[in-house]
Amino acid sequence: MTDTLTFTGHCLCGNIQFEGRVNPQDAIAVHCHCKDCQRATGSGFATVVAVPEAALRVTGEVAEFTVAGQTGGEVSREFCRNCGSPLFTRAKLSPGLRFIKAGVLDDSSWVTPAMACWTERREAWCLIDDQLPGVPQNPNLTG
Ligand SMILES: [Zn+2]
Ligand SMILES: [Zn+2]
């Protein structure tokens with residue numbers, strides 16, 4: 001028996017709000033060190049929580065920027081046009097999932113990263129938990 005996890009979040013300016021409800025085992029958190037995440041966040045990695053798309057309700061107008069992913073599938077990065085906060089990502093390689101940037105959650109204390117991905121792009125100045133399992137490129141989250 002697991003309790004349903006509910007969460008809320010918003011971008012920096014508040015124009016985009018979201019809320020969700022998932023079974024905890026369906027919310028998978030990872031650190032991603034790929035170069036695109038580094039550029040999109042301006043940091044060493046993105047911590048994202050993958051949730052089923054249907055679990056997430058978003059209000060406000062989300063802008064998106066789509067690029068060819070680093071291993072082929074398109075990746076759409078969703079953000080707030082007003083304040084620039086990165087919010088969500090959709091990836092062709094992970095159909096049915098939406099990746100929430102952990103930092104835009106109102107309460108992210110429940111987020112427990114299970115692994116690091118794209119560790120081959122991890123920079124020496126970016127320190128994270130060495131005990132975390134890592135994969136050199138994309139993880140397979142949709143099995
Ligand atoms: Zn905003
Ligand atoms: Zn990435």
Hey, G14 small (G, A, S) and more than 16 Å from ligand 2 (Cβ to nearest atom) or not
yes
Going by the conditions given, is K101 in contact with a strand residue (DSSP E or B) (Cβ under 8 Å, 6 or more places away or on another chain), within 15 Å of ligand 1 (Cβ to nearest atom) and either under 21 Å from P133 (Cα atoms) or basic (K, R) (or both)?
yes
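Would you check if T2 is at pLDDT below 95, in contact with a Pro (Cβ under 6 Å, 6 or more places away or on another chain) and open to solvent by 20 Å² or more (accessible area, probe 1.4 Å)? If you could, list the steps in order and put the result at the bottom.
Details: at pLDDT below 95: yes; in contact with a Pro (Cβ under 6 Å, 6 or more places away or on another chain): yes; open to solvent by 20 Å² or more (accessible area, probe 1.4 Å): yes.
Against the criterion (at pLDDT below 95, in contact with a Pro (Cβ under 6 Å, 6 or more places away or on another chain) and open to solvent by 20 Å² or more (accessible area, probe 1.4 Å)), T2 qualifies.
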Scan the stretch 17-45 for residues that are over 20 Å from G96 (Cβ atoms), of a type in the set (A, V, I, L, M, F, W, C) and either away from ligand 2 (no atom under 16 Å from the Cβ) or out of contact with any His (no Cβ under 6 Å at 6 or more places or on another chain) (or both) and report the count.
3
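Name every residue in the stretch 115-137 that is assigned to a strand (DSSP E or B) and surrounded by fewer than 16 Cβ atoms within 10 Å (Cβ to Cβ), in order of residue number. Quick ask: steps written out before the conclusion?
Start the filter on the stretch 115-137 by keeping residues that are assigned to a strand (DSSP E or B), which leaves 115-117, 134-135.
Of everything in the stretch 115-137, just one residue is assigned to a strand (DSSP E or B) and surrounded by fewer than 16 Cβ atoms within 10 Å (Cβ to Cβ), namely V135.
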Going through the stretch 1-52 one residue at a time, which ones are of a type in the set (S, T, Y) and within 16 Å of ligand 1 (Cβ to nearest atom)?
T8, T41
Which ones in the stretch 81-109 are among the polar types (S, T, N, Q), assigned to a loop (DSSP other than H, G, I, E, B) and under 22 Å from V22 (Cα atoms)?
S94, S108, S109
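The values are calculated or read from the model by the stated rules, or taken from the named source; none is laboratory data. Model, not experiment: these values are computed from the prediction. Every residue, glycine among them, receives a Cβ derived from its backbone with ideal geometry; neighbour counts consider all protein chains shown. What goes into the accessible areas is simple: the full protein's heavy atoms, side chains included, and nothing from ligands, DNA or RNA. Shrake-Rupley method; radii C 1.70, N 1.55, O 1.52, S 1.80 Å.
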